[in-house]
Amino acid sequence: MQSFSSKLLEKAVEQFASLPGVGHKTALKYALHLLKRNPEEVRQFIKSLSDLKENIHECRECHNISDGELCEICSDPKRETSLICVVESIKDIMSIETTSQYHGLYHVLGGIISPMEGIGPADIHIESLLQRIATNEIKEIIFALSATIEGDTTGYYIYKKIKNRENLTISTIAKGISIGNDLEYTDALTLGRSIVNRVSFSES
């Protein structure tokens, strides 16, 4: 057990160590680094975290994080509004955007169907996706979900709900993504090619 000469330092280390992937040695390194920064820099650091927690919004359309009611992607007039790419998490949007190969809109489910973890269709943003499809001129739905049993189950569940809609193409990213991999761990080139070379969901 590490001994601290300062309770304030110990509390700061505990807070950093509570973050995922941060051990106590790294947490101590972060805390000591902040002590070396000038007070104004530390205040700006703390303010940015406070603003993130208190002022961040969820986009009313796609459930992405946003500074306002609509995220920058949904409010961008240059995006192709007839395309919706369905992803599991906000991190997946960031991964796809780095490829520069997709210019449509997104829909963040906020998870995937996983009976083992007690997550059903009602626990994620499927209903709002169905509403978007019903009330907008959507030409294509692209599933960009993890290549796992849970990802496939989620895609198939949504597919059954929308497969009979006229003039709607339902596709999925090509299987350049390794089975079992999350999108966030896939390199941009492979992910970009998977989007460009997407295939019909019914054939996947």
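A short reminder: the numbers here are calculations on the coordinates, not readings from a lab. No experiment lies behind these values; they were computed from the predicted model shown. So basically every Cβ, Gly included, is an ideal-geometry build from the backbone, and we count neighbours across all protein chains shown.
Among 106-117, 17-28, how do they line up by average Cβ neighbours within 10 Å per residue, starting with the highest? Write down the numbers at each step before the final one.
On the way: 106-117: 18.2, 17-28: 11.9.
Ranked from most to least packed, the peptides come out as 106-117, 17-28.
Where does each of 82-91, 165-174 land if you order them by average Cβ count within 10 Å, highest first?
On the way: 82-91: 20.2, 165-174: 16.1.
Per-residue Cβ counts within 10 Å, averaged per peptide and sorted highest first, yield 82-91, 165-174.
Pairs of Cα atoms under 8 Å, at least six residues apart: use those to get the relative contact order of the chain, whole percent.
Details: 275 pairs, mean separation 31.2, N = 204.
Once normalised by length, the contact order is 15 percent.
Please determine, in degrees from 0 to 90 and to the nearest 10, the orientation of helix 39-55 with respect to the longest principal axis defined by the Cα atoms of the chain, where the helix direction is its Cα long axis.
For helix 39-55, the angle is close to 40 degrees.
Using Cα pairs under 8 angstrom and six or more residues apart, how large is the relative contact order of segment 7-55, in percent? Walk me through the numbers before you get to the answer.
Values: 20 pairs, mean separation 12.4, N = 49.
After rounding, I find 25 percent.
How much mean residue ellipticity at 222 nm does the chain get from its helices, if each DSSP H run of length 4 or more adds -39500 (n - 2.57) and you divide by all residues, to the nearest 500 deg cm²/dmol?
Values: 7 runs with 81 residues, N = 204.
Computed mean residue ellipticity for the chain: -12000 deg cm²/dmol.
How do Asp51, Asp92 line up, fewest other C-beta atoms within 10 Å first? Intermediate values should be presented prior to the final figure.
Details: Asp51 11, Asp92 23.
Sorted ascending by nearby Cβ count, the order is Asp51, Asp92.
Rounded to the nearest 10 degrees, what's the angle between the helix 24-36 long axis and the longest principal axis of the chain, both from Cα atoms, 0 to 90?
The answer is roughly 70 degrees.
Considering lysine pairs in segment 7-55 that are 8 or more places apart or on different chains, how many have Cα atoms under 19 Å apart?
Step by step, the pairs that qualify in segment 7-55 add up to 9.
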